[in-house]
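**Q** Below are the structure tokens for one structure; questions will follow.
The values are calculated or read from the model by the stated rules, or taken from the named source; none is laboratory data. Predicted model only: the values in this text are computed from it and were never measured. No Cβ is skipped: glycine too gets one built from the backbone with ideal geometry, and neighbour counts run over all protein chains shown. When the accessible area is computed, the model is the full protein with side chains, heavy atoms only, and any ligands, DNA or RNA have been set aside. Shrake-Rupley method; radii C 1.70, N 1.55, O 1.52, S 1.80 Å.
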Amino acid sequence: MNTVVGIAAFAAVSLATAMIGFYGLRISRTTGDFYVASRTVRPWWNASAIGGEYLSAASFLGVAGLILLAGTDALWFPVGYTAGYLMLLLFVAAPLRRSGAYTIPDFTEARLDSRAVRRVTSLVVVLVGWLYIVPQLHGAALAIRITTGLPAWVGPVAVVAVVCVSVVAGGMRSITFVQAFQYWLKLTAVAVPILFILFMLAGTGSPSVAGAAVNPTAQAPAGPYQTISLLVALLFGTLGLPHVLVRFYTNPDGQSARRTTLIVLGLLSVFYLFPTAYGLTGRMFAPGLAESGQADALVLLLPDRMIGGTAGDLLSALVVAGAFAAFLSTTSGLVVSLAGVISQDVLGGSVRGFRLAALISAVVPLGIASMTESSGLAGSVGLVFAFTASTICPVLLLGIWWRGLTDAGAIAGMVTGGVLCGGAMVAGSVMGSAGTPSWLAQPAAWTVPAAFAVMVLVSRATKGRVPPTMTRLMTRLHTPERPLATER
């Protein structure tokens with residue numbers, strides 16, 4: 001790929017992100033603007049912003065790379081990512097919005113009337129956020145090294161710098177505009193090049209498709225346990241992602257939160273068609289990328305390999321812009337959600353505290369990313385989903401739908417899920433991908449039920465700790481708002 005074109009694409013999307021962030025500064029004045037955009041974000045805007053932050057490096061680059069390596073087994077990733085939002089629609093979106101909270105710790109404290117639960121939830125949210133940011137920075141390092149020839153560290157540092165500028169400038173209101181823009185940029189960037197490639201193949205014929213489709217480095221087919229565990233992680237993990245959940249607090253009411261989720265389902269379904277097409281096309285025409293360990297770079301390299309020339313450079317530049325939009329938008333959403341938690345729990349909840357917390361939230365994972373290497377973007381994010389499904393998801397689902405949850409049960413369940421899943425992740429990283437048994441490589445199938453079971457059993461053993469405010473809050477969560485009067 002042309003180095004100058006790659007640098008220009010990277011600079012253009014970074015500049016556009018910063019400019020939109022500064023625009024948000026003009027209309028972000030209150031604390032509510034910084035934390036939840038004063039709860040005035042309408043469904044289409046919010047859905048586009050959620051799509052922008054949810055479609056991370058794993059979605060933009062990792063899904064295609066996994067399909068290149070594993071074929072149809074990897075299709076469970078886009079299916080699980082999208083179906084998780086159906087779970088959100090059915091079980092979480094509207095009640096969470098009606099809670100009136102700013103953050104997930106706000107909700108757990110209000111539901112269980114416990115500062116201890118809030119502190120544990122805050123710690124888990126920060127861990128999840130940092131674990132999720134690290135793969136975004138690994139993706140940025142990969143993209144900058146392959147497309148521009150610059151040192152790999154430039155990518156993560158640039159992402160953190162741009163994100164800090166955007167978040168510090170205008171908080172949630174600013175990032176809403178940024179992420180909505182970035183969803184449509186990502187969709188365009190991933191769709192246009194593969195459509196060009198497919199049209200070219202249709203016009204010229206497919207040379208030796210049968211022979212090219214044999215991938216000598218393809219992974220062994222996934223067994224039933226691995227598939228089930230992956231789906232458990234993706235479906236339940238989506239329910240606990242802090243940067244996604246915080247966006248529902250920005251809707252005006254529960255009805256608009258449900259509508260937002262429906263729109264997101266459509267936006268995600270359309271987007272994931274294209275990484276799937278990249279992966280399948282790569283298996284037929286670029287299997288060598290798997291052999292050279294560049295599977296995650298398939299989306300970045302395929303346009304230049306298949307088309308070449310000026311057209312290939314321009315399409316590659318578009319893909320590079322979309323990739324950096326993915327890194328920036330997801331990292332922005334995570335930094336906003338973490339800044340809200342850290343600011344409220346440690347720095348007093350002011351706008352100044354929010355800005356300082358945003359810097360902390362971005363710099364810490366930058367240090368972690370600089371000391372680690374990615375073992376596969378989609379796989380890394382899949383483990384974060386498993387951790388989230390084992391910790392935040394149980395307390396949210398039971399807190400919304402079960403009156404018997406207690407503070408002791410919530411803490412015991414989150415600690416159990418976190419220790420079991422975190423231990424499996426550490427053991428898997430020590431053993432390496434080749435030597436890790438499937439029950440450690442995909443732990444969600446047993447860590448998620450364990451977290452739920454401990455939460456229920458301990459709550460039943462501590463029935464006397466059900467808070468007296470429970471009935472009033474549960475009524476609030478499950479009572480639909482009155483429809484807004486329409487103008488005549």
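**Q** Using a cut-off of under 19 Å, list every residue of the range 439-482 whose amide N is near the label point 7 Å from the Cα of V419 along the Cα-to-beta-carbon line.
**A** 440, 443-462
**Q** When Lys and Arg each count +1 and Asp and Glu each count -1, what net charge do the other residues less than 13 Å away from L69, Cβ to Cβ, add up to?
**A** With Lys, Arg at +1 and Asp, Glu at -1, the net is -2.
**Q** To the nearest 0.05, what FRET efficiency results for W153 and V426 with a Förster distance of 22 Å applied to their C-beta separation?
**A** 0.30
**Q** Modelling each spin label as a point 7 Å along the Cα-to-Cβ direction, I'd like the M371/R472 distance in nm, to one decimal.
**A** Calculated label separation equals 4.6 nm.
**Q** About the Cα centre of the chain, how large is the charge dipole given +1 on each Lys and Arg Cβ and -1 on each Asp and Glu Cβ? Please answer in debye to the nearest 20.
**A** For the chain, the charge dipole is close to 1600 debye.
**Q** May I ask you to evaluate 6.51 cos²θ - 1.76 cosθ + 1.60, the Karplus curve with θ = phi - 60°, for each residue of the range 183-194 and list the ³J(HN,Hα) values in order in whole Hz, giving x for glycine and proline?
**A** Karplus-based 3J(HN,Hα) across the range 183-194 equals 4, 5, 5, 5, 4, 4, 5, 8, 7, 4, x, 5 Hz.
**Q** For the range 348-478, just say rounded, prolate or oblate: build the C-alpha gyration tensor, square-root its eigenvalues into a ≥ b ≥ c, call rounded for a/c under 1.5, and beyond that prolate if a/b exceeds b/c, oblate if not.
**A** Cα axes put the range 348-478 in the oblate bin.
**Q** What figure, in Å² to the nearest 10, do you get for the accessible area of M200 with a 1.4 Å probe and non-protein molecules left out?
**A** 60 Å²
**Q** Okay, next question. Rounded to a whole number, what % of the accessible area of the chain do carbon and sulfur atoms account for, probe 1.4 Å?
**A** 68 percent
**Q** Another question, then. Report, to two decimal places, the Cα Rg of the range 276-429 normalised by 2.2 N^0.38 Å (N = number of residues).
**A** In units of the globular-protein estimate, the range 276-429 measures up at 1.39.
**Q** How much FRET efficiency would the formula 1/(1 + (r/R0)^6) give for N2 and T188, where r is the Cβ-Cβ distance and R0 is 22 Å, rounded to 0.05?
**A** Efficiency at R0 = 22 Å is approximately 0.65.
**Q** Okay, next question. Could you tell me the ratio Rg/Rh of the chain? Both radii from Cα atoms, Rh via Kirkwood.
**A** We get a ratio of 0.97 for the chain.
**Q** Considering the dipole of the chain built from charges on the beta carbon (Lys and Arg +1, Asp and Glu -1) around the Cα centre, which of A233, A441, A357 is farthest to its positive end?
**A** Among A233, A441, A357, the one farthest towards the positive end of the dipole of the chain is A357.
**Q** I've got another one for you. Identify the residues of the range 120-148 with backbone N under 18 Å of a label point that sits 7 angstrom from the Cα of V346 along the Cα-to-Cβ direction, or state none.
**A** Within reach of a label on V346, which here means backbone N under 18 Å from a point 7 Å along Cα→Cβ, the range 120-148 contributes 120-134.
**Q** Sticking with this structure for a sec: Hey, how much of the P(r) for the range 228-335 falls beyond 16 Å, as a percent of Cα pairs?
**A** Above the 16 Å cut-off, the range 228-335 has 72 percent of its Cα pairs.
**Q** Rounded, prolate or oblate: which one fits the range 410-465, using the alpha carbon gyration tensor with axes a ≥ b ≥ c (rounded when a/c is under 1.5, else prolate when a/b beats b/c, else oblate)?
**A** prolate
**Q** Further, regarding this structure: Taking a probe of 1.4 Å, how large is the accessible area per residue of the chain, in Å²?
**A** Ligands and nucleic acids excluded, the result is 37 Å² per residue.
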